[in-house]
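Only one structure is covered here, and it is reproduced in the block below.
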Amino acid sequence: MPRRKPGTLVPLETEILEMALSMLRSGQATFHGFGLAQTMREQSGSRSLTAHGTLYKALSRLEEFGLLTSRWEDAAAVDGRPRRRLYELTSQGAYAAERAVADKAAGRPPRLASKPA
C-alpha cells in the first residue's frame, strides 16, 4: 500500500468510498465487508484489494476518519452464522467520495475532504 501523504486517501480507501456511494445511490444503505469485497471484485476488478485483512483495516481507518459508521448486525438476522459488522457511509463520507471522484478525474490525489461550513 502506498505511503499516506497527510490529508489524502490511499487508493483502496477511495475505492471503498466510491463503491459505498454507488451502493447508497442504488438503495443499499448498509453493507458488510465480505459483500463489499465481492462487489468490488465483480464491478471493478479491484486491484487494491489483496486480502480481506487489508479491507477491514481500511474500513476501520475510514471509520476513524468519520467517513463510515458501523454497528453489529441484529442478532435476529444471524441465522446460525457469525454476526457481521454492518457499515454505512456518513454524509461526510459521501462528500469525500464525490470529492475523490472529482480529484481522480482531474488527476489529483484523493484528499480527505471536509464538508464546507
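The values are calculated or read from the model by the stated rules, or taken from the named source; none is laboratory data. This is a predicted model, so every value here is computed, not measured. Cβ placement follows ideal geometry from the backbone for every residue including glycine, while neighbour counts extend to all protein chains displayed. Remember, those area values only see protein heavy atoms, side chains included, never the ligands or the DNA or RNA. Shrake-Rupley method; radii C 1.70, N 1.55, O 1.52, S 1.80 Å.
Looking at region 102-117, which of the residues that are part of a helix (DSSP H, G or I) and at pLDDT below 85 is surrounded by the fewest Cβ atoms within 10 Å (Cβ to Cβ)? First the steps, then the outcome.
The initial filter retains those residues of region 102-117 that are part of a helix (DSSP H, G or I), namely 102-105.
Still in the running and at pLDDT below 85: 103-104.
Values: D103: 18, K104: 14.
The qualifying residue surrounded by the fewest Cβ atoms within 10 Å (Cβ to Cβ) is K104.
I'm trying to understand the selection: among the residues of region 41-59, which are open to solvent by less than 50 Å² (accessible area, probe 1.4 Å) and either at pLDDT 80 or above or assigned to a helix (DSSP H, G or I) (or both)? Steps first, please.
Let us first name the residues in region 41-59 that are open to solvent by less than 50 Å² (accessible area, probe 1.4 Å), namely 45-46, 48-49, 51, 53-55, 58-59.
The answer is G53, T54, L55, A58, L59.
Restricting attention to region 78-112, and to residues there that are among the aliphatic types (A, V, I, L, M) and without any contact (Cβ under 8 Å) to a residue 12 or more places away in the chain, which single residue is nearest to M23 (Cα to Cα)? So that I can check it myself, show each step before the final result.
Here is the first cut: in region 78-112, the ones among the aliphatic types (A, V, I, L, M) are 78, 86, 89, 94, 96-97, 100-102, 105-106, 112.
Now narrow it down to the ones that are without any contact (Cβ under 8 Å) to a residue 12 or more places away in the chain: 78, 102, 105-106.
Details: V78: 22, A102: 18, A105: 20, A106: 23 Å.
Here the residue is A102.
Please tell me if K5 is modelled with pLDDT under 85 and open to solvent by 20 Å² or more (accessible area, probe 1.4 Å).
Numbers: modelled with pLDDT under 85: yes; open to solvent by 20 Å² or more (accessible area, probe 1.4 Å): yes.
For K5, the condition - modelled with pLDDT under 85 and open to solvent by 20 Å² or more (accessible area, probe 1.4 Å) - is met.
Please identify the pairs in which a residue from region 32-43 that is of a type in the set (S, T, Y) has its Cβ atom under 8 Å from the Cβ atom of a residue that is outside any helix (DSSP H, G or I), counting only partners at least 6 apart or on another chain.
T39/F31
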